[in-house]
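Input: a single structure, listed below in structure tokens.
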Amino acid sequence: MGIYYGTIIFIVGLLIGSFLNVCIYRIPRHESIAFGASHCTNCGKRIKWYDLIPVISFIILGGKCRSCKEKISIQYPLIEALNATIYLCIYVFFKLSIITLLLSTISSILIVMLMIKLLKKG
């Protein structure tokens, strides 16, 4: 049962990590995080759902936009993988509990805040 739940927690972490990337990109630009399709930051072309699969799409596309072939920042799969790994570690220590949910939420918020701050300085 532990590996099963661990796998699900990791996948949820990847998916939420993908959303965190949306937040990191859009919040400093005062854009909606709830509305508007994902698009290439270079050519503006809408990204299809099958190119938004966390980490896997980045690998399949060779880290480039399908449309314009511009490089996609390594930040995207790293944030997805980091969030998933943190979720899994929290699950390993606290199992399925309200503490796991709370710590996972807090860790995701901190990732967004830290990345916005780091990118603002850079």
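Quick notes on this structure:
- Long-range amide H partners of residue 64 with built H, under 5 Å: 72
- Estimated inter-spin distance, residue 119 and residue 56, nm [label 7 Å along Cα→Cβ]: 2.5
- Residues of the chain: accessible area per residue with a 1.4 Å probe, Å²: 68
- In this structure, the amide hydrogen of residue 39, modeled 1.01 Å from its nitrogen in the peptide plane, lies closer than 5 angstrom to those of 47, counting only residues at least 5 positions away or on a different chain.
- Here, segment 4-122 is characterised by an Rg to Rh ratio of 0.99, where Rg is the alpha-carbon radius of gyration and Rh the Kirkwood radius.
- Taken as Cα centroids, segment 86-121 and segment 1-34 sit 10 Å apart, rounded to the nearest whole angstrom.
- Contour minus Cα-Cα distance for residue 46 and residue 85 (0.36 nm per residue): 11.2 nm
The values are calculated or read from the model by the stated rules, or taken from the named source; none is laboratory data. Everything numeric in this text was worked out from a predicted model, so none of it was measured. For neighbour counting, all protein chains shown are included, and Cβ atoms are generated from backbone atoms with ideal geometry for every residue, glycine included. All accessible areas refer to the heavy atoms of the entire protein, side chains included, with ligands and DNA or RNA removed. Shrake-Rupley method; radii C 1.70, N 1.55, O 1.52, S 1.80 Å.
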